[in-house]
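Peer 1: My questions all concern the structure below.
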Amino acid sequence: MVLPIELRHTLGTAEKDDLKIFTDGEQVILRKYQPACSFCNLTDNVIKFKGKVICGSIKMR
Ligand SMILES: [Zn+2]
């Protein structure tokens, strides 16, 4: 799916960022794709670590 560049600017996504499309009743919702933490499913402050997505609340030692 190709989005108009204006829409990407509005969403704050770069050209290559993934977008997620889902439906809610009769609405189609378009979101910036955010990888979720493998452990707790949060999408805040996630980082990729050795191929896994984890959130900042997990402390690596
Ligand atoms: Zn987590």
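Peer 1: Have a look at the stretch 5-55 and give its Rg and Dmax from the Cα atoms, expressed in angstrom.
Peer 2: 13.1, 39
Peer 1: What residues have an amide H closer than 5 Å to that of VAL53, excluding those fewer than 5 places away on the same chain, when H is modeled at 1.01 Å from N in the peptide plane?
Peer 2: Amide H neighbours of VAL53: SER38.
Peer 1: State the percentage of accessible surface on the stretch 5-55 attributable to carbon and sulfur atoms; use a 1.4 Å probe and exclude ligands, DNA and RNA.
Peer 2: 50
Peer 1: As an exercise, use a Förster radius of 22 Å and the Cβ-Cβ distance of CYS40 and ASP17 to find the FRET efficiency, rounded to the nearest 0.05.
Peer 2: After rounding to 0.05, the efficiency reads 0.45.
The values are calculated or read from the model by the stated rules, or taken from the named source; none is laboratory data. Values in this document were obtained by computation on a predicted structure and should not be read as measured data. Don't worry about glycine lacking a Cβ; one is built from the backbone with ideal geometry, like all the others, and counts go over all protein chains shown. Just so you know, the surface numbers come from the protein's heavy atoms only, side chains and all, with ligands and any DNA or RNA stripped out. Shrake-Rupley method; radii C 1.70, N 1.55, O 1.52, S 1.80 Å.
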